[in-house]
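Here is the structure we will look at, set down as structure tokens.
The values are calculated or read from the model by the stated rules, or taken from the named source; none is laboratory data. Nothing here was measured: the structure is a model prediction, and the numbers come from that model. Reconstructed Cβ throughout: ideal geometry from the backbone, glycine too, with neighbour counts over all protein chains shown. Accessible surface is based on the protein model in full, side chains and every heavy atom, while ligands, DNA and RNA are left aside. Shrake-Rupley method; radii C 1.70, N 1.55, O 1.52, S 1.80 Å.
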Amino acid sequence: MLLLAAGCYSGFAQIPGGGAGGRRPGGGQANIGHFYGKIVDSKTGKGIDGISVQLVQSKFDTVTRTRKDVAIAGMITGKKGDFSLENLPLFGNFRLKITAVGYGTYDQKVAFDIKAPGSGGDVQAALAGADKDLGNIKLAADAQTLGEVTVTASKPLIQLGVDRKIYNVEKDISASGGSGLDVMKNVPSVNVDIDGNVTLRNSTPTIFVDGLPTTLTLDQIPADAIQSVEIITNPGAKYDASGGTSGILNIVLKKNRKTGYNGAVRAGVDQRGKMNLGADLNVKQGKVNVFGSVNLNQRKSITSPDLTTRSSFFTQPYNNLNESDYSVSKGYFEFGRLGLDYLMDNRNTLSLSGTIVHGKFTPYINSDIYIDSLYPSGTKTSYTRRLSNTDADFNNKGAMLSFKHTFPKQGEELTANANYSRSVNANNNLINSSYYNEVGGLLSSTYDQQQIGSGTNQNVTAQADYTLPLSEKSKFETGARVAARDNNSVNDIGVIAGGKFEPLPLLSSSYDYKDRVYAGYATYSNAIRNFTYQLGLRAESSNYHGTSNSTVVDGLGNQKDTVVNFSTQYPISLFPSVFLTQKLGGDQDITLNYTRRIDRPGFNQLFPYTDYSDSANISRGNPALKPQFTNSFELAYEKNFPNNNTLIASVYYKYTTDLITRTSVGDINPYSHDSILVNTYINASSAYVGGFEVISRNSITRWWDVTSNVNIFVSRINADNQASKGDTITTQGQTSSWFGKINNSFKIGKKFTFQLSGDYTSKTILAPGGSAGTSSNTSGRGFGGTVSGSAQGYSRPTGGVDAALKYEFLKNKAAALTLSVSDIFRTRVSDVYTMETGQFTQDVYRKRDPQFFRLQFYYRFGKFDASLFKRKNIKADVDQQGGGMPGGQ
């Protein structure tokens with residue numbers, strides 16, 4: 001017991017503001033424990049006021065040399081019978097004594113059983129275990145026994161849950177001062193390319209923030225605001241059925257409800273002189289918990305080299321294009337978050353929070369383009385110098401209102417929340433092209449283009465969930481959800497003539513659409529000895545309506561404005577899920593799960609308009625697309641070894657029908673009559689991906705921890721169904737790939753920590769379209785536009801090494817300096833090959849921000865001891881509680 005207490009004590013040794021070694025002035029331990037509950041009449045069930053509640057601790061009297069009971073907290077219940085005892089020591093022998101006139105005396109043991117989080121463990125999770133609801137305590141003629149109450153809160157760095165893996169990222173020093181993208185680089189199962197595109201097992205995941213879908217992207221979320229990442233590779237019935245081939249990354253933001261105040265300030269600079277500033281503050285006094293954070297991140301990103309080689313054969317003359325780009329993106333993101341939790345009473349909490357994000361970027365691209373045109377008479381070479389300057393602005397506002405009610409029965413709760421977000425973006429792009437008939441020749445002509453775009457994305461969701469424990473080991477969960485999204489986009493493309501903008505109707509367009517998703521689910525879970533199972537069923541119905549405005553050329557060659565309406569009603573679909581877990585003994589588990597999910601085509605994938613806004617990525621929708629359905633299976637094994645060592649091994653398989661995938665076709669620009677490649681979408685007949693993944697955390701020595709991850713998988717896209725439509729699409733066939741990453745953490749003395757990490761990705765079929773990292777993420781709300789790879793291309797191998805050094809100083813290590821560098825050996829690249837037999841081949845090779853340094857300062861502060869923060873309010877607290885001695889005073 002002494003060893004356990006010593007281990008726990010060391011786990012809390014770095015609580016901010018807790019005095020040396022986590023102790024309060026005077027040598028006592030940190031008093032952050034909290035017992036609460038309600039005193040009710042055993043017959044009527046109503047709360048009883050005027051009840052004396054005391055917490056007694058057995059202490060050793062140095063005078064009499066014997067143990068004696070000492071009241072360390074107490075109060076008189078109010079009208080509803082509620083009691084709350086705060087600022088309690090975590091360790092010791094406690095008894096709860098309740099006395100009242102006309103009722104029997106209640107005297108029962110209660111205890112906090114706080115386990116040490118261990119080296120690198122989740123201290124915040126352990127702290128949360130110090131908050132305990134003792135339930136409804138019934139008083140009658142004879143005392144009712146509550147039994148010994150224990151609080152258990154100890155989580156390893158990596159934990160295998162029923163349907164997810166939980167990874168604590170608070171000690172990822174290399175991400176300090178960066179964004180959510182920097183955090184994801186070290187999260188197991190997750191890969192981030194040089195453009196910030198995030199994949200989870202080679203599919204684009206749905207991004208959640210605090211359990212809800214979001215319009216924010218990972219580069220808009222500061223790394224210092226993130227507490228942990230939940231990796232849900234096979235979401236069950238409780239989650240949206242959308243996102244069939246992908247999983248969910250749930251970003252859990254930092255928030256603290258401990259009585260008192262705490263916070264942090266930070267500042268940093270990178271090698272290009274760009275600053276980042278931020279601060280967090282959390283204050284809990286009485287029934288109100290207020291939390292907020294602000295961040296400013298300046299950025300300058302350089303992509304060089306950026307080389308494109310393309311050969312096209314579908315029209316004459318055949319062309320060989322070589323393009324070299326140098327691009328720079330400068331700008332900033334501002335992030336603000338403010339919220340409060342109002343503890344209405346011991347069992348009802350109302351929360352309100354809001355976020356504001358503003359970003360402004362001014363990227364420019366300098367391009368040198370060489371084209372060899374192959375004529376029967378010979379080859380002609382031309383050269384184009386193109387300068388592109390963009391002014392882009394982004395704004396996002398979001399709010400969430402939530403309510404939580406916990407019942408006296410342990411584990412029974414009702415939650416409801418409403419979430420609103422609105423994103424507005426605008427951009428203005430000027431492109432100047434200078435044409436030369438031959439390399440080194442005279443200027444033959446110039447061409448000035450302008451692209452003016454704007455759009456809004458508004459999302460509203462409402463959800464309610466109810467959990468009912470049926471027995472000690474079984475429970476029933478149910479819930480309902482409604483999601484509504486309104487989106488509009490305007491894209492005008494034109495030329496500059498006489499200093500004025502003249503739109504080109506054939507290249508311009510506008511559209512708006514609305515989609516709705518209605519869902520309900522139910523799950524039942526139970527445990528039979530060492531076997532646990534969860535069965536779930538989700539039902540979803542959805543619809544969307546869209547309107548597009550564009551200009552087309554009729555049969556007589558005349559331009560004609562058109563308005564086209566699209567509308568689709570998807571019937572109710574059922575999505576079962578099964579999760580099975582067997583404890584094998586010796587701290588090892590094995591789990592097996594199955595889910596069925598859906599991906600509905602996004603409106604931009606259905607819209608038949610050709611989008612010319614990005615000349616390097618011209619795209620067109622396909623109104624004939626159908627939803628794709630995916631059946632997923634996963635078998636996982638977890639083994640926890642001594643000294644905080646963990647091994648998780650998984651085998652997974654996903655089979656998708658009517659896969660929505662990308663393909664490229666040749667076409668002609670209606671104005672320039674040049675040959676172009678257009679990216680569009682098809683339903684391939686089927687696809688599958690299967691693999692084996694291992695995640696391991698090992699404490700090699702007391703000063704060296706290693707977290708490693710290896711994922712080996714095979715995949716194939718079958719597009720044979722396109723042959724019956726007269727199209728022949730060359731696919732890559734079955735492809736074997738692997739991905740690995742390793743993160744080493746070294747403790748150097750008492751004040752230094754060194755982190756060295758690396759990753760490698762082999763040749764892989766092109767990852768899904770879109771990005772959870774740097775573009776507006778709309779997946780997970782019904783019509784997300786998920787694209788599962790490309791039937792015609794692959795990316796070549798890439799990898800890199802990162803490092804960071806952290807120095808902690810001041811009392812309780814309250815301050816820290818971190819120096820980090822990414823891509824030390826300049827080896828991370830994007831090297832993509834795309835082809836279509838008889839039409840084209842294309843290679844794109846790019847590097848972005850190699851060997852990038854960042855210096856970060858961090859300072860945390862706070863007091864968990866409420867008596868130090870509320871000395872002037874003690875009397876008010878006593879009056880509010882109904883008189884008596886305030887807890888812990």
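Okay, here's what the table says:
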item: Test: residue in the stretch 504-527 that is over 26 Å from the mean Cα position of the chain (by Cα), more than 30 Å from ASP561 (Cβ to Cβ) and among the hydrophobic types (A, V, I, L, M, F, W, C); result: yes
item: Residue count for the stretch 473-489, restricted to those that are within 29 Å of the chain's Cα centre (by Cα) and over 19 Å from ALA416 (Cβ atoms); result: 5
item: The listed residue being farther than 30 Å from THR456 by Cα and either at pLDDT below 90 or open to solvent by 30 Å² or more (accessible area, probe 1.4 Å) (or both), out of ASN711, ASN718; result: ASN718
item: Matching residues, the stretch 551-589, being over 23 Å from SER242 (Cα atoms) and touching an Asp or Glu at 6+ places or on another chain (Cβ under 8 Å); result: THR551, LYS560, THR581, GLN582, LYS583, GLN588, ASP589
item: Members of the stretch 742-784 found to be hydrophobic (A, V, I, L, M, F, W, C), at pLDDT below 90 and open to solvent by 60 Å² or more (accessible area, probe 1.4 Å), listed by number; result: none
item: Residue match in the stretch 619-638 (condition: out of contact with any helix residue (DSSP H, G or I) (no Cβ under 6 Å at 6 or more places or on another chain), surrounded by fewer than 22 Cβ atoms within 10 Å (Cβ to Cβ), in a loop (DSSP other than H, G, I, E, B) and small (Gly, Ala, Ser)); result: yes
item: Those strands (runs of 3 or more DSSP E) lying entirely in the stretch 471-563 with at least 1 residues touching a Pro at 6+ places or on another chain (Cβ under 6 Å); result: 475-497, 531-553
item: Hits in the stretch 36-89 (condition: modelled with pLDDT under 85 and hydroxyl-bearing (Ser, Thr, Tyr)); result: SER42, THR44, SER52, SER58, THR62, THR64, THR66, THR77
item: Any chance VAL553 is of a type in the set (Val, Ile, Thr), exposed (fewer than 14 other Cβ atoms within 10 Å of the Cβ) and in contact (Cβ under 8 Å) with a residue 24 or more places away in the chain; result: yes
item: Qualifying residue in the stretch 496-518 (condition: at positive phi and not polar (S, T, N, Q)); result: yes
item: Cβ pairs under 6 Å, 6+ apart, first in the stretch 754-765 and touching a residue at least 60 places away in the same chain (Cβ under 8 Å) and small (Gly, Ala, Ser), second open to solvent by 10 Å² or more (accessible area, probe 1.4 Å) and assigned to a strand (DSSP E or B); result: SER757/ASN743; SER757/ASP802
item: Residue match in the stretch 664-672 (condition: modelled with pLDDT of 80 or more, out of contact with any Pro (no Cβ under 7 Å at 6 or more places or on another chain) and open to solvent by 10 Å² or more (accessible area, probe 1.4 Å)); result: no
item: Residue that is within 27 Å of PRO576 (Cα to Cα), at pLDDT below 90 and of a type in the set (Gly, Ala, Ser), where the choices are ALA684, ALA649, ALA636, ALA624; result: ALA684
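To keep it simple, each residue is scored yes or no on (1) closer than 30 Å to GLN450 by Cα; (2) out of contact with any strand residue (DSSP E or B) (no Cβ under 7 Å at 6 or more places or on another chain); (3) in contact (Cβ under 8 Å) with a residue 12 or more places away in the chain; (4) not hydroxyl-bearing (Ser, Thr, Tyr).
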{"site": "SER577", "(1), (2), (3), (4)": "no, no, yes, no"}
{"site": "GLN582", "(1), (2), (3), (4)": "no, no, yes, yes"}
{"site": "ILE590", "(1), (2), (3), (4)": "no, no, yes, yes"}
{"site": "GLY602", "(1), (2), (3), (4)": "yes, yes, yes, yes"}
{"site": "THR610", "(1), (2), (3), (4)": "yes, no, yes, no"}
{"site": "ARG620", "(1), (2), (3), (4)": "yes, no, yes, yes"}
{"site": "LEU625", "(1), (2), (3), (4)": "no, no, yes, yes"}
{"site": "PHE629", "(1), (2), (3), (4)": "no, no, yes, yes"}
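Condition check ((1) at pLDDT below 90; (2) open to solvent by 40 Å² or more (accessible area, probe 1.4 Å)) across all residues:
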{"site": "THR818", "(1), (2)": "no, no"}
{"site": "PHE840", "(1), (2)": "yes, no"}
{"site": "TYR845", "(1), (2)": "no, yes"}
{"site": "GLN851", "(1), (2)": "no, yes"}
